[in-house]
Structure formats: structure tokens, C-alpha cells
1. Among what's in segment 54-99 and is among the basic types (Lys, Arg) and in a loop (DSSP other than H, G, I, E, B), pick the residue that is least open to solvent (accessible area, probe 1.4 Å).
2. Pairs only if they're at least six apart or on different chains, beta carbon under 6 angstrom, first in segment 13-31 and within 24 Å of Ala48 (Cβ to Cβ) and in a helix (DSSP H, G or I), second among the aromatic types (Phe, Trp, Tyr) and open to solvent by less than 20 Å² (accessible area, probe 1.4 Å); list them, first residue then second.
3. If you take the residues in segment 1-15 that are open to solvent by 60 Å² or more (accessible area, probe 1.4 Å), of a type outside the set (A, V, I, L, M) and more than 6 Å from the ligand (Cβ to nearest atom), which one is modelled with the highest pLDDT?
4. Could you tell me which numbered condition Trp102 fails, if it satisfies all but one of (1) at negative phi; (2) assigned to a loop (DSSP other than H, G, I, E, B); (3) surrounded by 13 or more Cβ atoms within 10 Å (Cβ to Cβ); (4) modelled with pLDDT of 95 or more?
5. Considering only segment 108-130, I want to know if a residue exists there that is of a type in the set (Ser, Thr, Tyr) and either assigned to a strand (DSSP E or B) or open to solvent by less than 70 Å² (accessible area, probe 1.4 Å) (or both).
6. Please verify whether segment 16-35 includes one or more residues that are more than 18 Å from Pro142 (Cα to Cα) and crowded, with 20+ Cβ neighbours inside 10 Å.
7. Condition first: away from the ligand (no atom under 12 Å from the Cβ) and more than 26 Å from Lys98 (Cα to Cα). Now tell me which residues in segment 121-164 satisfy that.
Amino acid sequence: MILIVYAHPYPDQSRVNQQMLERVSSRPDVAVRSLYDLYPNFDIDVDAEQRAVEQAELVVLQHPMYWYSMPPLLKLWIDKVFTHGWAYGRGATALSGKGLLWAVTTGGNHDHFQIGAHPGFSVLAQPLHATAVYCHMRWLDPVVVHGAYAADAETQHAQIEHYCARLACWKED
Ligand SMILES: Cc1cc2nc3c(=O)[nH]c(=O)nc-3n(C[C@H](O)[C@H](O)[C@H](O)COP(=O)(O)O)c2cc1C
């Protein structure tokens, strides 16, 4: 099973993430937890989230990039759900061997993340990559959907199809 942990602060205003979700959530093996719908007061049900994660082989963190990082509720979700003794530490095996896929949309285009003054993408991925390694998860190559405002419809469509294809064959990654 694939669990998509979806964190869009304004799900009703989303254009790109909404299309991505619609495209992949028709798969029978995909479950979605939309954090801002579930927890508008940031009061995360840790037990429910851990049970959902336990049932998944692949955990996808899908969100729009906010200030080169993630929206605050997703950061809180990791802080609360990845507990000592469950996610990490002595005897913790809950996340062992599960895949972790970062699926992020950006306003900037591909080049925006290459120029010297801005950090490259692998640098931006480091905190999540390190978290995956620390919790014995399998870090997968991130899916990045660039150019939320500027990309033409065809490019956008191709990027969303790529996301769908990655979920279809993630075990081979
Ligand atoms: C508060 C805020 C911060 C943002 N920070 C970034 C950023 O650091 N880099 C970037 O490329 N886009 C940034 N964006 C643009 C969003 O990533 C973009 O609007 C989003 O990916 C579009 O997806 P959506 O149509 O699902 O909302 C930011 C947008 C907002 C509102």
C-alpha cells in the first residue's frame, strides 16, 4: 500500500497538487491523508497516523514547497509521529524497509534551483533524506514538479504523469 501524506495549507486553492492527487488517488493501492483537512487546529492524532503509516510500504510526502522547505503541519507531523521507540531508537522497527518519496511542487523552474545563490535540490532534500536513513527507510529519488505558475499545460501534464509512473514502479527504484 502507498500512503500519501498530503500537506497543502490551502487545499481548495491548489492547482498543481490537486491535479497530482486526483491523478494518483484512483489507484486502488493509494490512501491519502490530507493533513490540513484532518487537523485544521494542528492537533494531530498520533496513534491514527502511526497506524496508517504501519500499513504502508511506501510513504509519500506530497506538498507545495514553502520557503525551500515544507508547510509547518507536515514538519509537525514528522515531529509528532516519528516517535522514539517506534520510528527510531532501540527496538524501533516501524519504518524499517519502507520507502520514503518526497513529492514536492515548486513555483521556481528547474534552473532556479541550479544558480549559485540558491541551494541545489539535493541540499534541500538533505533533512528528509537524513530522516529516512536514520529511521532505516529507503530514500527514493524525489519527484519535483517545477514551475507551478509558468509551466505550460503540456509540461505540467507530463510532470504529473511522471509522478503517477513513479508510484506505479516505485519498488524497482
Ligand atoms: C508561503 C509560500 C512560500 C513559497 N516558497 C517557495 C519556494 O521557496 N520555492 C519555490 O520554488 N516556490 C515557492 N512557493 C510557490 C509554491 O511552491 C507554489 O505556489 C506551489 O508549489 C503551487 O502548487 P499548488 O498549485 O498545488 O498550490 C511558495 C509559495 C508560498 C505561498
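The values are calculated or read from the model by the stated rules, or taken from the named source; none is laboratory data. Note that the structure is a prediction, hence the values are computed from the model and not measured. Using ideal geometry, Cβ is built from the backbone for each residue, glycine included, and neighbour counts are taken over all protein chains shown. Accessible surface areas use protein heavy atoms only, side chains included; no ligands, DNA or RNA. Shrake-Rupley method; radii C 1.70, N 1.55, O 1.52, S 1.80 Å.
1. Of the residues in segment 54-99, the ones among the basic types (Lys, Arg) are 75, 80, 90, 98.
Restricting the remaining residues to those that are in a loop (DSSP other than H, G, I, E, B) gives 90, 98.
Working: Arg90: 223, Lys98: 23 Å².
Only one residue tops the list, namely Lys98.
2. Sorted first by the residue in segment 13-31, then by its partner, the pairs are Met20/Tyr163.
3. Just the residues of segment 1-15 that are open to solvent by 60 Å² or more (accessible area, probe 1.4 Å), to begin with: 1, 10, 12-13, 15.
Restricting the remaining residues to those that are of a type outside the set (A, V, I, L, M) gives 10, 12-13, 15.
If we keep only those that are more than 6 Å from the ligand (Cβ to nearest atom) too, we end up with 10, 12-13.
Values: Tyr10: 96, Asp12: 93, Gln13: 93.
Ranking the qualifying residues of segment 1-15, first place goes to Tyr10.
4. Failing condition for Trp102: (2).
5. Taking every residue of segment 108-130 in turn, none turns out to be of a type in the set (Ser, Thr, Tyr) and either assigned to a strand (DSSP E or B) or open to solvent by less than 70 Å² (accessible area, probe 1.4 Å) (or both).
6. Yes, segment 16-35 has at least one match.
7. Passing the criteria: Asp152, Ala153, Glu154, Thr155, His157, Ala158.
So that you can scan it fast, the table gives a plain yes or no per residue for (1) within 16 Å of the chain's Cα centre (by Cα); (2) over 27 Å from Thr93 (Cβ atoms); (3) more than 16 Å from the ligand (Cβ to nearest atom):
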residue	(1), (2), (3)
Val24	yes, yes, no
Arg33	yes, no, yes
Asn41	no, yes, yes
Ile44	no, no, yes
Asp47	no, no, yes
Gln55	no, no, yes
